[in-house]
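Structure first, commentary second.
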């Protein structure tokens, strides 16, 4: 009976995992069913239409670029061949998504520059580009290559005493593009090594020219150092260039190009952190996630992405749609709220005094996906598996305690190691329960900080929220984990490597050409990993790295594929009850 029950449970759980792998939680739906953001509008003078490129979100890890067209900039129609640009599995530059779209019209076609959410570069953002002959069928060109040093390179900084030293990276914020006098120009906002926001200009001459970042950042008068540019748009109006910026503290401002300085005029929001009356749109502006400004026949038009609808527990991202408002001169804007009984008078007053149109979803979300019949079972089975995993961890701890306790009770040689186990177990358990949440808050606060001073203020605020004992416990936990346990693990692996090298030296004999190649490559790799190898020859680290990343990686992947096939075959036998030894105890 017991064997039959174990066999039945094994089959049921195996069937669940097979179906979960074969059938997703939902099927169908458009690529932009969840959210729309990062709008960018391009006016095509040849066709006399506006082209809006936007990022559609299917789920947290699946995004694509869509296209919508309009004759008047008010009524938009989605392109039937959407999406026009997808993230692909074998292109890591934008595998996690897109942002800051910058389309431009050139002779003979179109170019699209964007920030790709990269899986390989630590900042997770990289500048990419694509080309098209008609503006709808795009071909990716990969990462954008710049000549010489680029300012958003890696640098190190010392963190607060609570947090260990770690590498930090400058962050790309937003980007805008244009074509001027035959030159392609990029305006790039980034956080420099000192934590300040800088606006750089990069230029490329001709079709095959190199991209060069100008050494001096563009001067922006009126912006404080802590403000971050989340959206950036370039447009030309009456022969003058303008940069429209949406800042992290919910301020919309405009900078006119030309001259030695770029004075910034605040259009919406409160400059220098001054509170503005609610009816002037300062509160409503905080709901915007992305925006883009373009020139329309009647003046200016602003397209923005705003949360529309409530986010449920199953949603991975907030549902957003694209809306628009307009202005005659670019100075008088307003973001009206929904007309209800509480604010109807304010809404009508704004409508009468401001140059605007009612906010409407010009591009709504796409068709939703349909859930499969396993959708409701996923949550339940996930909870069951979490409970089983928790019980397994608890049983492991109890088993260790029983085994070490028996050795302490018997006494004898080495009993102090068993006593030390209990002391370390109790200490790390207590420090993890009370100290790890504090350390996680500290690390999250430092990840959000843009300057070292801001990071220290955040840490000090967290310190004041907790008692001195718990915060000291968190510091001790952080020290023990990163300065004791991590180094003990590295020491253990180092000892194992010395043991393997010693065993190989005693047993390995060069009796064939293959064995000679093996010992030669092993020697090169070992010397290339230590400073002595670089002192002997600068080519040793290069050749050793190639042996590791090319030849060894290929063989390692082949071994992994063989192991995976073997694991699948054994798992199928266990699932179907063909592996009798598991159920009969033999």
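Below, the figures for the structure above:
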item: Unique residue being over 32 Å from the mean Cα position of the chain (by Cα), over 21 Å from residue 100 (Cβ atoms) and at pLDDT below 80 when the list is 271, 263; result: 263
item: Hits in region 175-191 - residues which are assigned to a loop (DSSP other than H, G, I, E, B) and closer than 15 Å to residue 230 by Cα; result: none
item: Residue list for region 1-47, restricted to those being in a strand (DSSP E or B) and at pLDDT 75 or above; result: 35, 36, 37, 38, 39, 40, 41, 42, 43, 44
item: Enumeration of residues in region 447-478 that are over 30 Å from residue 190 (Cα atoms) and either surrounded by 15 or more Cβ atoms within 10 Å (Cβ to Cβ) or touching a residue at least 24 places away in the same chain (Cβ under 8 Å) (or both); result: 463, 466, 470, 471, 473, 474, 475, 476, 477, 478
item: Top-ranked residue in region 71-93 [being farther than 24 Å from residue 367 by Cβ and crowded, with 16+ Cβ neighbours inside 10 Å; ranked as modelled with the lowest pLDDT]; result: 91
item: Given (1) surrounded by fewer than 20 Cβ atoms within 10 Å (Cβ to Cβ); (2) farther than 20 Å from residue 127 by Cβ; (3) modelled with pLDDT of 85 or more, number of the condition residue 217 does not satisfy; result: (2)
item: Residue within region 99-116 that is in contact with a helix residue (DSSP H, G or I) (Cβ under 8 Å, 6 or more places away or on another chain), farther than 23 Å from residue 307 by Cβ and outside any loop (DSSP other than H, G, I, E, B) present; result: yes
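Conditions tested, residue by residue: (1) out of contact with any strand residue (DSSP E or B) (no Cβ under 6 Å at 6 or more places or on another chain); (2) in contact (Cβ under 8 Å) with a residue 40 or more places away in the chain; (3) more than 16 Å from residue 184 (Cβ to Cβ).
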{"position": "61", "(1), (2), (3)": "yes, no, yes"}
{"position": "71", "(1), (2), (3)": "no, no, yes"}
{"position": "75", "(1), (2), (3)": "yes, yes, yes"}
{"position": "79", "(1), (2), (3)": "no, yes, yes"}
{"position": "101", "(1), (2), (3)": "no, yes, no"}
{"position": "128", "(1), (2), (3)": "no, no, no"}
{"position": "140", "(1), (2), (3)": "no, yes, yes"}
{"position": "146", "(1), (2), (3)": "no, yes, no"}
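The values are calculated or read from the model by the stated rules, or taken from the named source; none is laboratory data. This is a predicted model, so every value here is computed, not measured. When we count neighbours, we look across all protein chains shown, and the Cβ atoms used for this are built from the backbone with ideal geometry, even at glycine.
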